[in-house]
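Undergrad: Have a look at the structure that comes next, please.
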Amino acid sequence: MNLLVKELQQRLRVLKQNRKSAEEDWQELAEYLQPPKARFFGDDSSEAEERELIWSSVPEDALQQFAAGIHSLLTNPAQTWLHTALTGRGAEELPSEVTEWASEIAKLIMDACKHEESGFDSTMNECYLDYGTFGQMGLFVEDPEDDSPIPFSSISPHESFISENKHGIVDTMFRRLELTVRQVQERWGRRKRGLTSDIVQKRTYSEQVQRKVDHKELEDKVYVWQAIYPRKHGEWSEEATIPSKFMYASVFWEEETNQLLSEGGYREQPFMFARFLKFSGAEPWGRGPGHTALPHIRLLHAQEDSKDGAIQSQCEPAYAVDSSMYKGGINTDSGATNFYEANSVTGERNYGIYPISSGADVSAVHLTTQERAAEIRSIFFNDQLQMVGGPNMTAYEVALRDSKKMMLLLPMWGRLATEFLPIFVSRMNGILERRGDIPEAPDSLDALIEQGQVSRLKVAYVSPITMAQKASEAQTFQRALEYIAPLININPAVMDNFDLDEVVRDSQDLFGFPMKYLVDVKKRDAGRKQRQDMASQAQDLQAGKEMADTAKTVGEAATNSDAIAGAVQQMQGGMGA
């Protein structure tokens, strides 16, 4: 056996042992909420047999509404749900071309996710279903071939074993893949390494798989393990061009024969795991709404089973039949027949066939099932994720109520923002950059990084949940303005205490509109100065015009006065003669 495979199998055995404590709950949750995934103990039972446990569709519907609601809030394809920015000293005063370049990366990532062939939205829906059921979700972002769409796939808990680093972030995963012989042949068979290459790669799969290939058994199953983990310092390099020297190792081997298939790697962590809830000091596996709702789900199905029996006993009651017809034991099944001695069962009835009342209270059982169903929906946040509003509510009141409800989901959002999004954006940015989709950074950015004024890209959600958190900041300022409004009416100069320019620029962070909508600070100041200069020039021109008009008026007045004086003198000379 290959030494690397042997070492990885030892690690895998420990992870399998540690996961056993969670598998029983996962199996039961899958049977109730996602029957096709109830395979934690190698159960080969059909889905029809698994659904015999199901008496109510409410838990599955509650889970689906949870997944749809979380999808619309966190990664809604119709909205901007993330943005990227540069951080560091002086990041608030960066040139507009730098901030626009940084924010453009988020748009490129979202455009790649929106590609119809990538399957991102359907994959995320699968992830959110796992998120509600098992309390964790995993997403795998594979390196695309050439310029093809980036492929996304969900990681089911039954096929993965994970480990955390010292910061509590999942960075190691062992994954059991169910492949066909044809897929193994295409990936690890004899082939050229490139379209124009003369180098032929030898096959690496086992003789056992080769025999299946020879017998044309191409659709038979082959179980393959993949181990992904960070390499130690000194074992990898950022400048490496060989996958075996990349930051994250990727090792494949056959489960049955332990045959090493390949040893490669990824430049970035290709998978991301997010836990809904995790207790301190506990195992890396998460807990979610499914764990909390499990006792209610068990009780709901038991009560639905009882309600079904009560309804059947009323619709098709057992019957009492005169013993002269037949003698036998008591049977209380729906539609059963019981033979009796006259007057021993029916009292005044002496002969004939009569129904036996079961005494079942269907309305009481129905009420209790409704209560269990409402509790399950509440645990899956269906009430928080539903639309709020009413005929007598203003838009502001609806937004305020919606904001308060979204605040209840902030703990969940916090884990996603820490465990999922940074790794996802780093992976997407690396793929897009290698394909040449990321535009070149402005020349001024290198100088700023060398000076320590900015650092790496920072990722932030702008989903409705994030907006609900930030909206509280805007609401506090709005309340402050309402408080000081009477003072502004008395003395408008009190507004000089506020930096209104900062208020306007902070609105981009509060409400998440595109950064390009804001004018660069230097351009803004230059525009203001230009308007001031133009206003000053206009004022000077107006003042000069007024002075000229005044001089003209004075001159005309002086001319008129001289003419009048001359006329008076002439009149006085004529009279003297």
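The values are calculated or read from the model by the stated rules, or taken from the named source; none is laboratory data. These numbers come from a predicted model, not from an experiment. When we count neighbours, we look across all protein chains shown, and the Cβ atoms used for this are built from the backbone with ideal geometry, even at glycine. Heavy atoms of the whole protein, side chains included, go into the accessibility calculation; ligands, DNA and RNA do not. Shrake-Rupley method; radii C 1.70, N 1.55, O 1.52, S 1.80 Å.
Undergrad: Assess whether S455 counts as being outside any helix (DSSP H, G or I), among the hydroxyl-bearing types (S, T, Y) and at pLDDT below 85.
TA: Here the answer is yes, as S455 does meet what is asked.
Undergrad: Exactly one of (1) open to solvent by 90 Å² or more (accessible area, probe 1.4 Å); (2) at pLDDT 75 or above; (3) of a type outside the set (A, V, I, L, M, F, W, C) is unmet by S536. Its number?
TA: (1)
Undergrad: Within the stretch 499-515, restricting attention to residues that are out of contact with any Ser or Thr (no Cβ under 6 Å at 6 or more places or on another chain) and aliphatic (A, V, I, L, M), which residue is modelled with the lowest pLDDT?
TA: The extreme case among them is L510.
Undergrad: If you go through the stretch 1-20 one residue at a time, do you hit one that is at pLDDT 80 or above, in contact with a strand residue (DSSP E or B) (Cβ under 8 Å, 6 or more places away or on another chain) and in a loop (DSSP other than H, G, I, E, B)?
TA: Among the residues of the stretch 1-20, at least one is at pLDDT 80 or above, in contact with a strand residue (DSSP E or B) (Cβ under 8 Å, 6 or more places away or on another chain) and in a loop (DSSP other than H, G, I, E, B), which makes the answer yes.
Undergrad: If you don't mind, another one. Kindly provide the set of residues from the stretch 296-322 that are buried (at least 16 other Cβ atoms within 10 Å of the Cβ), touching a residue at least 60 places away in the same chain (Cβ under 8 Å) and among the acidic types (D, E), ordered by number.
TA: The answer is E304, and nothing else.
Undergrad: Go through the stretch 251-264 and give me each residue that's under 30 Å from the mean Cα position of the chain (by Cα) and modelled with pLDDT of 95 or more.
TA: The answer is V251, F252.
Undergrad: Show the residue pairs meeting these rules: Cβ distance below 7 Å; 6+ apart or different chains; first residue within the stretch 117-143 and closer than 22 Å to E268 by Cβ; second residue of a type in the set (D, E, K, R) and open to solvent by less than 50 Å² (accessible area, probe 1.4 Å).
TA: Pairs found: Q136/D130; Q136/R275; M137/D130; V141/R427.
Undergrad: From G135, G69, which residue is out of contact with any His (no Cβ under 9 Å at 6 or more places or on another chain) and over 26 Å from G436 (Cα atoms)?
TA: G69
Undergrad: Among the numbered criteria (1) under 29 Å from V251 (Cβ atoms); (2) open to solvent by 10 Å² or more (accessible area, probe 1.4 Å); (3) out of contact with any Pro (no Cβ under 8 Å at 6 or more places or on another chain), which one does E93 miss?
TA: All conditions are met except number (1).
Undergrad: Report yes if G194 is small (G, A, S) and either modelled with pLDDT of 95 or more or closer than 29 Å to H115 by Cβ (or both), otherwise no.
TA: In short, yes.
Undergrad: Since F380 meets every condition but one in (1) surrounded by fewer than 13 Cβ atoms within 10 Å (Cβ to Cβ); (2) at pLDDT 85 or above, which condition does it not meet?
TA: (1)
Undergrad: Also, quick follow-up: From Q65, Q136, which residue is at pLDDT 90 or above and surrounded by fewer than 21 Cβ atoms within 10 Å (Cβ to Cβ)?
TA: Testing whether each residue is at pLDDT 90 or above and surrounded by fewer than 21 Cβ atoms within 10 Å (Cβ to Cβ) leaves just Q65.
Undergrad: If you don't mind, there's one more thing I want to ask. Just to be sure I understand the filter: pairs with C-beta atoms under 8 Å, separated by 6 or more residues or on different chains, first member in the stretch 245-256 and closer than 11 Å to E235 by Cβ, second member of a type in the set (D, E, K, R) and in a strand (DSSP E or B). Which pairs pass?
TA: Sorted first by the residue in the stretch 245-256, then by its partner, the pairs are A249/E263.
Undergrad: Which condition breaks for T476 when tested against (1) under 30 Å from T75 (Cα atoms); (2) among the β-branched types (V, I, T); (3) modelled with pLDDT under 75?
TA: (3)
Undergrad: Being assigned to a helix (DSSP H, G or I), within 27 Å of D525 (Cα to Cα), modelled with pLDDT of 85 or more and open to solvent by 50 Å² or more (accessible area, probe 1.4 Å) is the requirement here; does D496 meet it?
TA: yes
Undergrad: Please go through the stretch 221-235 and give me each residue that is in contact with a Phe, Trp or Tyr (Cβ under 9 Å, 6 or more places away or on another chain) and either closer than 22 Å to M272 by Cβ or not in a strand (DSSP E or B) (or both), ordered by number.
TA: Those that are in contact with a Phe, Trp or Tyr (Cβ under 9 Å, 6 or more places away or on another chain) and either closer than 22 Å to M272 by Cβ or not in a strand (DSSP E or B) (or both): V224, W225, Q226, A227, I228, Y229, P230, R231.
Undergrad: If you go through the stretch 408-442, how many residues are at pLDDT below 75 and surrounded by fewer than 15 Cβ atoms within 10 Å (Cβ to Cβ)?
TA: Going through the stretch 408-442 one residue at a time, the tally reaches 3.
Undergrad: Among the candidates A106, A112, single out the residue that is closer than 30 Å to K523 by Cα, crowded, with 18+ Cβ neighbours inside 10 Å and not hydroxyl-bearing (S, T, Y).
TA: None of the others qualify; the one that does is A106.
Undergrad: Restricting the search to the stretch 258-295, which residues are in a helix (DSSP H, G or I) and either basic (K, R) or buried (at least 19 other Cβ atoms within 10 Å of the Cβ) (or both)?
TA: Once the filter is applied, which keeps residues that are in a helix (DSSP H, G or I) and either basic (K, R) or buried (at least 19 other Cβ atoms within 10 Å of the Cβ) (or both), the stretch 258-295 yields P289, G290, H291, A293.
Undergrad: Go over the candidates Y326, Y319 one by one and state the one that is over 30 Å from L12 (Cβ atoms), at pLDDT below 75 and assigned to a loop (DSSP other than H, G, I, E, B).
TA: Y326
Listed here are the residues, each with its yes/no results for (1) in a helix (DSSP H, G or I); (2) among the β-branched types (V, I, T); (3) at pLDDT 95 or above.
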{"residue": "A102", "(1), (2), (3)": "yes, no, no"}
{"residue": "I105", "(1), (2), (3)": "yes, yes, no"}
{"residue": "C113", "(1), (2), (3)": "yes, no, no"}
{"residue": "E116", "(1), (2), (3)": "no, no, no"}
{"residue": "D121", "(1), (2), (3)": "yes, no, no"}
{"residue": "D143", "(1), (2), (3)": "no, no, no"}
{"residue": "H158", "(1), (2), (3)": "yes, no, no"}
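Undergrad: Right, something else. Please work out if I242 is more than 16 Å from N2 (Cα to Cα) and surrounded by 14 or more Cβ atoms within 10 Å (Cβ to Cβ).
TA: Taking the combined requirement at face value, the residue does not satisfy it.
Undergrad: With respect to the numbered conditions (1) at pLDDT below 90; (2) surrounded by 15 or more Cβ atoms within 10 Å (Cβ to Cβ), which one is the sole condition not fulfilled by I162?
TA: Of the numbered conditions (1) at pLDDT below 90; (2) surrounded by 15 or more Cβ atoms within 10 Å (Cβ to Cβ), the odd one out for I162 is (1).
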